[in-house]
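So the structure is just underneath, and the comments pick up after that.
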Amino acid sequence: MKSKLMIVGLMLFTVFIGFGIIIPVLPELVTQVSSESAKWHTGAMLAVYSLMSFVLSPVWGQLSERIGRRPVIMTGVLGFSVSFLIFGISGDNLVLMYASRVLGGLFSGAVVSCIVAYVADITTTEQRTKGMAVVGMSIGLGFTFGPGFGGYLSEITIHTPFFAAAGLSFLVFVLAFFKLEESLPPEKRASARASVRVSRWAAFQGPLKFLYVLAFFVTFSLAILEATLQLYGITHFAVTPKQIGLMFFFCGLAGAVVQGGVVRRHVKPGQEARYIALGLIISAAGFFLLLTATNWVLASVYLCVFGIGNSLIKPCVSSLITQKTTVGQGIASGLSSSMDSLGRIVGPLLGATLLWAADWLPFVVSGLLSLGALGLLAQFRNLDKGKSTV
C-alpha cells in the first residue's frame, strides 16, 4: 500500500504544482497583455479551468468504475502536461491561454477525482484518514512548491514556469506508466457497470450533503484568496511575483507539516469532525489577520495561519465522505472533486467583484464563510448521530 500511495501522491503533487505555478505568474502575465482587464481575466482563467473540472470530474469518476482507475489517471496526467505546453507557447495570445486552461481543467478532473477513489480502494476504513492525509499532504506540497517555482522561474521569462510544469508532468506520466498498478480489479468493475449511469448527485444525500456543501465553502473561500491576494498585496505592500510565490510556499509548507505530522499520526476514526471545526476557526482567523498585514513577511505569517487551518479540514472531510458514502467510491469522489471545482469556478469571479467593490471585502467574506461552515458541520454531526442510532 505504501508504494501505491507514494506514486499517486507524486501525481497529485505534480498536478497541484502545475496549478500553483500560475498563482504568482498569472496576474503579472495578464496585466502585460491587457492591463485594463487584468483582474477580470485573472478570475476568468482560474474559473474556466475549474468549470471544466466540475463538468467532467464525475464523468471521469464513473468511467474509472467501468474500466479501472489506472487508465483514467494516466490519461489525465498526460493531458495535463499538454495543457501547460500550450500555455508556454501562447505568447500574448489570450485565446491560447484560455484554451490551455480549458484543457488543464478537463484533464485535472481525471487525476484528482480518480486518485481519491484509488486511495479509497487500497485503504481500509481504519487506514482511510491516514490515506487521505497523504492525498492532502501531496496537494499541500504541490501548492507549496508551485507558487515558489512560478515566482523564481518567472525571473527567467514569464512563460518558463509553464514549460517546467509540462516537463515535470510528462516525467510523472512515464514513471506511472511503469509503476502504477490498478486498484480496482475486474470483478469489482463488473458490479460497478450496473450503476455507471448514476448521477453524481446520487451521493448528495443524507448527512453527507452538509459535508459536500462544507467542502464547497472551504474551496470557495480559498479560491477567493488565490485570485485576490496578489492584487491586494500590490496595492498595500508592493508585493512581487517572487514574494507572492514565497508566501504561498511557506503557507503550503506549514499545511504539509500539519497534515503529515498531525492528521496522519493523531486523527483517529471518529475524531474527524472536531479537527474540521478547529480548522475552520483557524482558517477564519488567518483571513481576518491578513487585513492587518503591512508587509509581505507579516502577510506570509498570517497566510500560514490560514494554511494550517485548511490542512486540518480537507483530509478529514475526504475521509468522512469515503467512509460514509452509500454509492461507489468513484461517484462519491467525483462529486467531491466537482464541489471543489465549483468553489474554484465561483470563487475567483466573486473575488474579482469583491476586490473591485472594496479591497478588504474578499478576506472578510472568506472569513465569515469559514465560520458559517461550522453550522454545516453541526448539521452533519446531528443527522449522522441520528442515523447511527436508528
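Restricting attention to the stretch 117-133, and to residues there that are of a type outside the set (S, T, N, Q) and modelled with pLDDT under 80, which single residue is most open to solvent (accessible area, probe 1.4 Å)? Show your work before the answer.
Of all residues in the stretch 117-133, those of a type outside the set (S, T, N, Q) come to 117-122, 126, 128, 130-133.
Still in the running and modelled with pLDDT under 80: 126, 128, 130, 132-133.
Values: 126: 130, 128: 17, 130: 105, 132: 3, 133: 1 Å².
Checking each candidate, the answer is 126.
Taking interchain pairs and intrachain pairs at least six residues apart, which have beta carbon atoms under 7 angstrom, with the first residue in the stretch 259-272 and closer than 15 Å to residue 124 by Cα and the second surrounded by 22 or more Cβ atoms within 10 Å (Cβ to Cβ) and small (Gly, Ala, Ser)?
From the stretch 259-272, the pairs are 264/133.
How many of the residues in the stretch 360-378 are surrounded by fewer than 16 Cβ atoms within 10 Å (Cβ to Cβ) and either farther than 23 Å from residue 226 by Cβ or not aliphatic (A, V, I, L, M) (or both)?
Residues that pass the stated criteria total 4.
Each row is one residue, and each column tells you yes or no for (1) at pLDDT 90 or above; (2) farther than 30 Å from residue 323 by Cα; (3) small (Gly, Ala, Ser).
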site: 261; (1), (2), (3): no, no, yes
site: 266; (1), (2), (3): no, no, no
site: 280; (1), (2), (3): yes, no, no
site: 288; (1), (2), (3): yes, yes, no
site: 298; (1), (2), (3): yes, yes, no
site: 304; (1), (2), (3): yes, no, no
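Does residue 170 qualify as being within 23 Å of the chain's Cα centre (by Cα) and over 20 Å from residue 313 (Cα atoms)? Steps first, answer last, please.
Numbers: within 23 Å of the chain's Cα centre (by Cα): yes; over 20 Å from residue 313 (Cα atoms): yes.
Yes: the conditions hold for residue 170.
For the stretch 313-329, state whether one or more residues are open to solvent by 30 Å² or more (accessible area, probe 1.4 Å) and under 13 Å from residue 222 (Cβ atoms).
yes
Only one residue in 336, 319 is modelled with pLDDT under 95 and within 21 Å of residue 53 (Cβ to Cβ). Which one?
Only one candidate passes the filter, namely 336.
So, of the residues in the stretch 219-258 that are open to solvent by 10 Å² or more (accessible area, probe 1.4 Å) and closer than 21 Å to residue 321 by Cβ, which turns out to be farthest from the chain's Cα centre (by Cα)?
Per the criteria, the residue is 258.
Can you go through 143, 87, 162, 107 and tell me which one is of a type in the set (Phe, Trp, Tyr), open to solvent by 10 Å² or more (accessible area, probe 1.4 Å), within 26 Å of residue 240 (Cα to Cα) and in a helix (DSSP H, G or I)? Spell out the reasoning first.
Details: 87 fails: open to solvent by 10 Å² or more (accessible area, probe 1.4 Å); 162 fails: open to solvent by 10 Å² or more (accessible area, probe 1.4 Å); 107 fails: within 26 Å of residue 240 (Cα to Cα).
Answer to the check: 143.
One residue is enough: does the stretch 305-314 have a residue meeting the conditions touching a residue at least 40 places away in the same chain (Cβ under 8 Å), more than 19 Å from residue 271 (Cβ to Cβ), of a type outside the set (Ser, Thr, Tyr) and not in a helix (DSSP H, G or I)?
no
Taking only the stretch 64-86 into account, find how many residues are closer than 17 Å to residue 332 by Cα and either of a type in the set (D, E, K, R) or free of Cβ contacts under 8 Å to residues at least 24 places away in the same chain (or both).
Here the count works out to 3.
Considering only residues that are hydroxyl-bearing (Ser, Thr, Tyr) and over 16 Å from the mean Cα position of the chain (by Cα), look in the stretch 37-56 and name the one that is least open to solvent (accessible area, probe 1.4 Å).
First, pick out the residues of the stretch 37-56 that are hydroxyl-bearing (Ser, Thr, Tyr): 37, 42, 49-50, 53.
Among the residues that remain, those that are also over 16 Å from the mean Cα position of the chain (by Cα) are: 37, 42.
Numbers: 37: 41, 42: 4 Å².
The extreme case among them is 42.
Which condition does residue 66 not pass, out of (1) out of contact with any helix residue (DSSP H, G or I) (no Cβ under 6 Å at 6 or more places or on another chain); (2) open to solvent by 50 Å² or more (accessible area, probe 1.4 Å), if it passes all the others?
Result: residue 66 passes all but (1).
Could you tell me which of the residues 77, 59, 72 is in a helix (DSSP H, G or I), within 20 Å of the chain's Cα centre (by Cα), surrounded by fewer than 20 Cβ atoms within 10 Å (Cβ to Cβ) and among the hydrophobic types (A, V, I, L, M, F, W, C)?
One residue alone meets the criteria, 59.
Let's see how each residue does on (1) touching a Cys at 6+ places or on another chain (Cβ under 8 Å); (2) modelled with pLDDT of 90 or more; (3) surrounded by 15 or more Cβ atoms within 10 Å (Cβ to Cβ):
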residue	(1), (2), (3)
151	no, no, yes
168	no, no, yes
171	no, no, no
181	no, no, no
194	no, no, no
198	no, no, yes
210	no, yes, yes
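Could you count how many residues in the stretch 90-104 are of a type in the set (S, T, N, Q) and open to solvent by less than 60 Å² (accessible area, probe 1.4 Å)? Talk me through it step by step, then tell me what you get.
In the first step, residues of the stretch 90-104 are kept if they are of a type in the set (S, T, N, Q); the result is 90, 93, 100.
Narrowing the set further to residues that are open to solvent by less than 60 Å² (accessible area, probe 1.4 Å) leaves 90, 100.
Final tally of qualifying residues: 2.
The values are calculated or read from the model by the stated rules, or taken from the named source; none is laboratory data. Treat the numbers as computed from the prediction; the structure is a model and nothing was measured. Counting neighbours? That spans all protein chains shown, and the Cβs are built from the backbone with ideal geometry, glycine included. When the accessible area is computed, the model is the full protein with side chains, heavy atoms only, and any ligands, DNA or RNA have been set aside. Shrake-Rupley method; radii C 1.70, N 1.55, O 1.52, S 1.80 Å.
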